[in-house]
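In what follows, a single structure is set out as structure tokens and then discussed.
The values are calculated or read from the model by the stated rules, or taken from the named source; none is laboratory data. Note that the structure is a prediction, hence the values are computed from the model and not measured. Glycine also receives a Cβ, built like all others from the backbone with ideal geometry; neighbour counts cover every protein chain displayed. Heavy atoms of the whole protein, side chains included, go into the accessibility calculation; ligands, DNA and RNA do not. Shrake-Rupley method; radii C 1.70, N 1.55, O 1.52, S 1.80 Å.
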Amino acid sequence: MKKGKRVLVVGSGGREHALAWALARAAEVEMVYVAPGNGGTTWPPSPEAPDLQPRAPARSVPIRPDDIQTLIGFAREQAIDLTVVGPETPLAHGIVDAFQAAGLRIFGPTRAAARIETSKAFAKALMRACGVPTPDYAVFHRFEEARAYLRAHPGPVVVKASGLAGGKGAFVCDTPEEAEEALHRLMRERIFGEAGDTVVIEERLYGSELSMLALSDGRMVKPLLPARDHKRLMDGDRGPNTGGMGAYAPVPEVGPDAVEQVVQQIMVPVLDALARQGTPFVGVLYAGLMWTASGPFVLEFNARFGDPEAQAILPLLETDGLEALEACLEGRLEDLSLRWRPGACVTVVLASPGYPGPVPEGLPISGLEDAAAQEGVLVFHAGTRREGARLVTAGGRVLAVSAIGPDLPGAAARAYAAVERIHFEGMSFRRDIGRVPVRSL
């Protein structure tokens with residue numbers, strides 16, 4: 001007979017491992033399932049768990065995130081009290097709508113509300129309509145028209161796939177030649193399929209990038225800690241865009257006034273606009289910002305927790321994770337108090353050789369127990385799987401090593417000390433996460 005609540009986390013990456021970890025620490029949670037999970041999302045119960053360790057057990061279940069009807073059947077069979085959606089693709093496929101129609105509780109926006117992420121063209125039009133600062137842009141459905149626009153506007157631009165491209169669909173272009181090549185890859189080569197059938201070409205801004213995530217109950221927002229993601233593959237923000245090579249939180253130069261500015265100038269107008277359209281947004285609204293000399297501009301919106309931002313933010317959350325998500329679903333976010341652990345968290349992503357392109361799989365991983373035993377360290381799995389007693393690689397981003405420290409330099413030192421204990425063939429990672437000098441906003 002159930003004594004507590006059962007939670008299902010949908011997804012297989014480091015973000016989902018972090019969500020499962022946070023929910024397994026919640027007072028009322030009895031069991032966490034992760035579908036399909038990865039090599040790190042199964043663990044035994046730990047009633048006397050020390051600081052940073054989950055209390056409730058977790059288990060991976062082999063159900064794909066887009067197999068919505070099987071997920072619904074599993075939720076019914078296991079009497080799941082709450083399903084939490086990690087990645088964007090199930091949201092785009094209407095998983096929240098389907099669960100709600102089946103009478104099941106689920107955390108995340110509906111398919112219509114999630115358009116703020118699944119269609120950059122929709123998001124840009126929404127921002128323009130409600131006065132949210134965003135770079136000037138143009139939307140194109142035909143290659144020839146887009147190419148003509150680029151030739152008439154030869155300055156630095158960003159060329160983006162309007163649809164979902166796994167965080168890799170934006171091309172920051174310094175020259176007209178780079179811009180035309182990006183356009184050709186998206187619309188002619190269709191490297192991201194139908195995601196590139198519509199493209200957004202926008203002016204390139206300069207400043208400090210910032211990730212601002214907030215909980216929303218459809219009426220109001222509660223901001224999480226500001227974070228900074230590192231998208232480029234190599235140190236110094238060089239190389240191709242990736243799904244994210246690391247993150248840290250909080251961002252020292254982003255104080256309470258700056259956070260409130262983002263809430264009032266960006267989050268509230270967008271949420272009000274979605275509500276007026278009859279598609280209230282319930283879930284995590286993520287604004288990817290460029291903070292310029294003129295203030296914050298929105299580069300993109302996401303409709304869920306970021307990856308790897310979740311692995312840097314959630315370890316610092318002292319408020320019960322289940323309580324926070326349920327407050328959103330029950331329309332009582334106003335009464336929720338978000339409490340945070342002092343200090344900072346730095347997350348370093350360990351990637352397979354060849355990432356963000358094709359990667360080998362099945363490379364043995366060693367040193368995880370030693371790394372996780374270091375003070376303040378959490379190792380979140382992403383592209384891993386179990387082969388008997390062995391843990392091996394199974395994707396591009398393999399692990400996210402997070403470390404809490406008294407401040408940003410201390411957290412970074414702990415994270416990199418843990419990284420040095422982990423090994424798999426061809427392992428690559430950035431060495432400047434949380435170590436880049438910051439400037440005042």
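In the structure shown, the pairs 3/231; 5/168; 5/231; 3/168; 124/222; 5/222 are assessed against 31 Å; a Cα-Cα span above that value is assigned to 3/231; 5/168; 5/231; 3/168. Its DSSP H runs of at least 4 residues, each contributing -39,500 (n - 2.57), put the calculated 222 nm mean residue ellipticity of the chain at -7000 deg cm²/dmol, to the nearest 500. Solvent-accessible surface of region 105-264, taken per residue with a 1.4 Å probe and all protein chains present: 42 Å². In this simple spin-label approximation, residue 122 and residue 153 carry label points 7 Å from Cα along the Cα→Cβ vector, and these lie 2.3 nm apart. Rolling a 1.4 angstrom probe over the chain with all protein chains present gives an accessible area of which 50% lies on carbon and sulfur atoms. A probe of 1.4 angstrom, applied to the heavy atoms of all protein chains, finds residue 340 with accessible area near 60 square angstrom.
Report relative contact order for the chain in percent, whole number only (criteria: Cα-Cα under 8 Å, sequence separation at least 6). Present the calculation step by step, with values, prior to reporting the outcome.
Numbers: 1061 pairs, mean separation 69.3, N = 441.
The value is 16 percent.
Extension gain, residue 332-residue 432: 0.36 nm per intervening residue step, less the Cα-Cα distance, totals 32.0 nm. Note on residue 206 and residue 276: the model spin-label points, each 7 Å out from Cα along the C-beta direction, lie 3.6 nm apart.
Distance between the 7 Å Cα→Cβ label points at residue 101 and residue 28: 2.8 nm.
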